[in-house]
Amino acid sequence: MESQHNQPSPGKFWNWFNPVGRKTGGWAFILNRITALGLTFYLFLHLIVLGQLAKGPEGYDSFIALMKNPIAVFGELLVVAAGIIHGLNGIRIALTTFGVSISTQKQLFYALMAIALIAILFFGIRMFTA
Amino acid sequence: MSTIIQNISKPRAGESTWLWLIKILTGGLLVILLLVHLIVNHFVVEGGLMTYANVVAYFQNPWIVFMEICFLATVVSHSLIALRSILLDMNPAPNVLNIINWVLGVVGVGAVVYGVWLALTIASK
């Protein structure tokens, strides 16, 4: 699993969907990729939808009204969760890239994901009770 | 030591050191910019910018427009360079990689131009 970082091949692409035999680093990697793809999808969706703002108040305000249903709020929570996980995990990647906390990165990963879990719960409660 | 070094981020085959470094640095910058983006859009005004009038009023502040454009350019660069990293794992042939580079470049420039146009359009309402 560790070596798939730097040696591209078509099989390696599908490998990261495979949960069998993953170590902590493998889980961090798969988590980072899934959230990355989700956030990229959301980014372009967000940009397209905000195009409503150029058309005037009707389009945008009716879109916001539509987004208040629980399914849309759940979708937003997924985006928030992906952002928190990807951002905190990314901090670990950036730190270790510059030589910080390399030997303790497993602990760092668990600590950051614990923070992520608490933050996701906080936003989940906040978004569904607002 | 060698096993530890294998577990840190480094450029892939087919990814220049510059692109890789930009991906890491924009990632760090995004932690800050995303926080600012969320605070500005959801927490400064009570309940967030939830109406067209609210958004237009907020975009009258040039610093908001500037911040959103910086955020846009950073997040688009980060996401498309990273998408290229993921595609590189499929080991594309050189001509396919060439197409990927062009498509991602056009999408990236297009997204930023569109976003700047949108931000300035809202600001001028």
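Values quoted throughout were computed directly from the atomic coordinates according to the rules given, and no laboratory measurement underlies them. The structure displayed is predicted, hence computed values, not measured ones. Using ideal geometry, Cβ is built from the backbone for each residue, glycine included, and neighbour counts are taken over all protein chains shown.
Counting Lys +1, Arg +1, Asp -1, Glu -1, what net charge surrounds B:ASN41 among other residues with beta carbon under 13 Å of its beta carbon? Let's see the in-between values first.
Working: positive: none; negative: A:GLU76, B:GLU46, B:GLU68.
Net charge in that neighbourhood comes out at -3.
Specify the inter-centroid distance of region A:60-130 and region B:40-79, based on alpha-carbon positions, in whole Å.
Their Cα centres are 20 Å away from one another.
Can you run phi through the Karplus equation (6.51, -1.76, 1.60; θ = phi - 60°) for region A:47-60 and list ³J(HN,Hα) in whole Hz, with x for Gly and Pro?
Per-residue couplings from phi come out as 5, 5, 5, 5, x, 4, 4, 6, 8, x, x, 4, x, 5 Hz.
Counting partner chain Cβ atoms within 10 Å of every residue's Cβ in B:15-27, what's the average?
Numbers: counts 2, 0, 0, 0, 0, 1, 1, 0, 3, 5, 2, 0, 7.
The per-residue average across the peptide is 2.
Taking θ as phi - 60°, what are the ³J(HN,Hα) couplings along region B:63-77 by the Karplus curve (6.51, -1.76, 1.60), each to the nearest whole Hz, with x for Gly and Pro?
Calculated HN-Hα couplings, in order: 5, 5, 4, 4, 4, 5, 5, 4, 4, 4, 4, 5, 6, 5, 4 Hz.
Which value, in debye to the nearest 20, describes the size of the charge dipole of chain B about its Cα centre when Lys and Arg Cβ atoms bear +1, Asp and Glu Cβ atoms bear -1, and nothing else is charged? Mind dumping the intermediate values first?
On the way: 5 positive and 4 negative charges, 42 e Å.
Approximately 200 debye in magnitude.
Which lysines have a Cα less than 22 Å from the Cα of B:LYS125, not counting those fewer than 8 places away in the same chain?
Of all the lysines, those that pass the test against B:LYS125 - Cα under 22 Å, at least 8 places apart if same chain - are A:LYS55.
Express the relative contact order of chain A as a whole percentage, based on alpha carbon pairs under 8 Å and six or more residues apart in sequence. Numbers along the way, then the final one.
Details: 69 pairs, mean separation 33.3, N = 130.
With pairs under 8 Å counted, the relative contact order is 26 percent.
Using θ = phi - 60° and the Karplus curve 6.51 cos²θ - 1.76 cosθ + 1.60, what whole-Hz ³J(HN,Hα) does each residue of region A:114-130 get, with Gly and Pro shown as x?
Result, ordered by residue: 5, 4, 4, 4, 4, 5, 5, 4, 4, 5, x, 5, 4, 6, 8, 9, 5 Hz.
Using +1 at the Cβ of each Lys and Arg and -1 at the Cβ of each Asp and Glu in chain B, identify which of B:ILE86, B:ASN41, B:VAL65 lies farthest towards the dipole's positive end.
With unit charges placed on the Cβ atoms, the residue in question is B:ILE86.
Give me, ordered by chain and number, the residues 5 or more places off B:ASN91 or on other chains with an amide H under 5 Å from its own placed amide H.
Those lying under 5 Å, H to H, from B:ASN91 are A:SER9.
For peptide A:44-55, what's the mean number of Cβ atoms from other chains within 10 Å of each residue's Cβ? Spell out each step's value before the answer.
Details: counts 4, 0, 1, 8, 2, 0, 6, 5, 2, 9, 6, 2.
Across the residues of A:44-55, the mean count of other-chain Cβ atoms within 10 Å is 4.
Among the trypsin sites (Lys or Arg not before Pro) in region A:38-130, which ones are in a DSSP loop with at most 12 other Cβ atoms within 10 Å of the Cβ? Mind listing them? Spell out each step's value before the answer.
Details: sites: A:LYS55, A:LYS68, A:ARG92, A:LYS106, A:ARG126; in loops: A:LYS68.
Loop-located and lightly packed - A:LYS68.
What average count of beta carbons from other chains do you get within 10 Å of the Cβ of residues in B:78-90? Present the calculation step by step, with values, prior to reporting the outcome.
Numbers: counts 5, 8, 2, 0, 7, 3, 0, 3, 6, 2, 3, 14, 7.
Other-chain Cβ atoms within 10 Å of each residue's Cβ, averaged: 5.
Where a Cα-Cα gap under 21 Å defines reach, which lysines qualify for A:LYS23, not counting those fewer than 8 residues away within the same chain?
Correct list for A:LYS23: A:LYS12, A:LYS106, B:LYS10.
Which of A:ALA65, A:ASN89, A:SER103 sits farthest toward the positive end of the charge dipole of chain A, with +1 on the Cβ of Lys and Arg and -1 on the Cβ of Asp and Glu?
Of the listed residues, the answer is A:SER103.
Along the charge dipole of the protein assembly as shown, which of B:THR51, B:SER9, B:LEU21 sits closest to the positive end, that is, farthest toward it, with unit charges on the beta carbon of Lys, Arg, Asp and Glu (+1, +1, -1, -1)?
Result: B:SER9.
Using DSSP to define loop residues, name the chymotrypsin sites (Phe, Trp or Tyr not before Pro) in region A:53-125 whose beta-carbon has at most 14 other beta-carbon atoms within 10 Å. It would help to have the intermediate numbers written out before the result.
Numbers: sites: A:TYR60, A:PHE63, A:PHE74, A:PHE98, A:PHE109, A:TYR110, A:PHE122, A:PHE123; in loops: A:PHE98.
Within region A:53-125, the qualifying chymotrypsin sites (Phe, Trp or Tyr not before Pro) (loop, at most 14 other Cβ atoms within 10 Å) are A:PHE98.
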